[in-house]
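Notes for the one structure printed next.
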Amino acid sequence: MITKLYSAALRGVDALEVEVEVNARGAETPAVIIVGLPDAAVRESSQRVTSAITASALELDLGVKTVNLAPADLKKEGPSFDLPIALAMVGASGTKILETDSFCVVGELGLDGAVRPVKGVLSIALEARKRGRKSLIVPEANAAEAAVIEGIDVIPVRNLRQAWDFISGEKRILPFVLDRRAFFESHRTYLVDFNEVKGQQHVKRALEVAAAGGHNLLMVGPPGTGKSMVAKRLPTIMPDMTEEDAIETTKIHSIAGTLDTKKGFLTTRPFRAPHHTISDAGLLGGGTNPGPGEVSLAHHGVLFLDELPEFRRQTLEVLRQPLEDGHVTISRAAGSLTFPARFMLVAAMNPCPCGFYGDSKRQCRCSVRQIENYRQKISGPLLDRIDIHVEVPLVDFRELTSDAITGESSAIIRERVAAARDIQVARFKSAKLTTNSAMGAKQVRECCKLDAESRGYLEHAMEQMNFSARAHDRILKVSRTLADLAGKQDITGNEVLEAIQFRSLDRRLFE
């Protein structure tokens, strides 16, 4: 007897439907044969499945079970096929014909029949709905993640016996219901706030501008000035993610296995801070079975690179393509996979190896050659892709020890940032852009027109500081964001001067 069930395999950030077929035939020696391009984890499922079926007191006749995972040319990876294979094997061993066309099933099995959570359930739910499946049977721990997708019933199961009773019609399981609006509101909370940062008002201003326009930012200053502290609070002033953005980001984290199963969904913008020893594959993604890297895990959020010159130069150079394109393409012999990677890059560095070059209170111990070698680890083309540069000096003792909360809260700053973003969304509606930082040459010409005074300021800065053509466009984009924050329709000289100030480190530190 042949029994069919439907499951799904992950490819990149998406899922593709897989048909699980089991043919049972009599034989003296029982065996389970799995075909359809399975990897080692899928081939090993035969041992887990037979043990789980026995522990669940389900009928499994002796003989050979041939399991086919179609399409046969799509590689099947991971333990998520355990549950559909077990259900199809039990169905093939009996005489009852199952109506399984409306089901999609995923789940890993323990030897005792328990159903364990798997990766990529959100992508699988989207594929099941696209294919017209009415129900998605998932591990109980993955139910909240899958239930975010409307239009499909999510059936949570704890063990194999419960799943079999449901698909055979013996017992009814109510679909998992999620109040999406309440869920989003209850989880949109941060544990940190901008009003906890003492002093550094000009740094806070730079981060507000960066958040408003989606600009990349570099902070330079001695150790202990709060660079990491303010960077960690940047997501708290960025606009709340839309449901579409949250689903796209959650898909990446679910496939990477970094999703918190207690929440089941990402409602706040991600903040990723990889160590400077990270490899190219860890940053961009890749491996034998390509998966998302840190740039993709920071999608719609912040990628923070602390101690920027300590990263290998080759590793930093691979950032140039995702910073421009907003995605990463990983090519292998079997094909190419594309992962989204539209993030804000925030970097921090010391002015020299010891960190005290230019400090009025502590003496720098580095030689001229050491300082030059340290700074040359950051190439000009990479620096050009960072819109805002800001110096972070030591905090005054009186500000540091003050008990009064003098700074604005993240909520107040986020309101201004959100208002500026709304202006940008309306402006670029036809171009399908959302931030000033994403403007191309055409949008820069149309939206960043300068009067005679502003043009004079910019021309003088270009001549005196020897800015590149890319830096010229970055100044215009930041000027546009400053005007949006101020609610101005036209860019004035004040916005251009402030934007030029955010590029001053080009000459002072790197030449």
Those residues of the stretch 324-349 which are modelled with pLDDT under 90 and open to solvent by less than 50 Å² (accessible area, probe 1.4 Å), in sequence order
G326, I330, G335, L337
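This table checks each residue for (1) over 24 Å from H300 (Cα atoms); (2) surrounded by fewer than 22 Cβ atoms within 10 Å (Cβ to Cβ).
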site: S135; (1), (2): yes, yes
site: N142; (1), (2): no, no
site: N159; (1), (2): yes, yes
site: D165; (1), (2): yes, yes
site: T189; (1), (2): no, yes
site: K198; (1), (2): yes, yes
site: V209; (1), (2): no, no
Any pair with Cβ under 9 angstrom, 6 or more apart, that starts in the stretch 56-75 at a residue that is in contact (Cβ under 8 Å) with a residue 12 or more places away in the chain and ends at one that is open to solvent by 60 Å² or more (accessible area, probe 1.4 Å) and hydroxyl-bearing (S, T, Y):
L60/T54; L62/T29; G63/T29; V64/T29
A471 being farther than 27 Å from M241 by Cβ, among the small types (G, A, S), touching a Leu at 6+ places or on another chain (Cβ under 9 Å) and touching a residue at least 60 places away in the same chain (Cβ under 8 Å):
yes
For the stretch 253-299, give me each residue that is among the aromatic types (F, W, Y) and modelled with pLDDT of 85 or more.
F271
If T492 passes every condition in (1) more than 18 Å from V209 (Cα to Cα); (2) open to solvent by 40 Å² or more (accessible area, probe 1.4 Å); (3) of a type in the set (S, T, N, Q) but one, which one does it miss?
(1)
So which helices (runs of 4 or more DSSP H) are wholly in the stretch 139-238 and hold at least 3 residues that are basic (K, R), modelled with pLDDT under 90 and closer than 30 Å to L485 by Cβ?
none
Mind checking which pairs have a first residue in the stretch 354-372 that is among the charged types (D, E, K, R) and a second that is modelled with pLDDT under 85, Cβ under 6 Å, 6 or more apart or different chains?
R362/F356
If we take the stretch 1-94, then helices (runs of 4 or more DSSP H) inside it with 2 or more residues that are open to solvent by 60 Å² or more (accessible area, probe 1.4 Å) are 45-55
Could you please give the count of residues in the stretch 268-305 that are in contact (Cβ under 8 Å) with a residue 12 or more places away in the chain, assigned to a loop (DSSP other than H, G, I, E, B), closer than 26 Å to T250 by Cβ and not small (G, A, S)?
9
H389 passes all but one of the listed conditions (1) outside any strand (DSSP E or B); (2) within 26 Å of the chain's Cα centre (by Cα); the exception is number (1)
Is the stretch 355-371 home to any residue that is under 21 Å from G12 (Cα atoms) and either in contact with a helix residue (DSSP H, G or I) (Cβ under 7 Å, 6 or more places away or on another chain) or not hydroxyl-bearing (S, T, Y) (or both)?
no
Take the conditions modelled with pLDDT of 95 or more and either touching a Lys or Arg at 6+ places or on another chain (Cβ under 9 Å) or surrounded by fewer than 21 Cβ atoms within 10 Å (Cβ to Cβ) (or both) and apply them to A114. Does it pass?
yes
Exactly one of (1) under 30 Å from H327 (Cβ atoms); (2) open to solvent by less than 30 Å² (accessible area, probe 1.4 Å); (3) touching a Phe, Trp or Tyr at 6+ places or on another chain (Cβ under 9 Å) is unmet by C448. Its number?
(3)
Kindly provide the set of residues from the stretch 350-376 that are open to solvent by 80 Å² or more (accessible area, probe 1.4 Å) and outside any helix (DSSP H, G or I), ordered by number.
Y357, S360, K361, R362, Q363, R365, Q376
In the stretch 315-336, what residues are without any contact (Cβ under 8 Å) to a residue 60 or more places away in the chain, within 17 Å of P381 (Cα to Cα) and charged (D, E, K, R)?
D325
What do you reckon, is I247 modelled with pLDDT of 90 or more and not in a loop (DSSP other than H, G, I, E, B)?
no
Taking only pairs six or more apart or across chains, which ones have beta-carbon atoms under 7 Å, a first residue in the stretch 127-138 that is in a loop (DSSP other than H, G, I, E, B), and a second residue that is of a type in the set (F, W, Y)?
R133/Y6; R133/F103
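The values are calculated or read from the model by the stated rules, or taken from the named source; none is laboratory data. For clarity, every value in this text was computed on a predicted model and none was experimentally measured. Cβ sites come from the backbone with ideal geometry, for glycine too, and all protein chains shown count toward neighbours. Side chains are part of the model used for accessible areas, which takes the heavy atoms of the whole protein and leaves out ligands, DNA and RNA. Shrake-Rupley method; radii C 1.70, N 1.55, O 1.52, S 1.80 Å.
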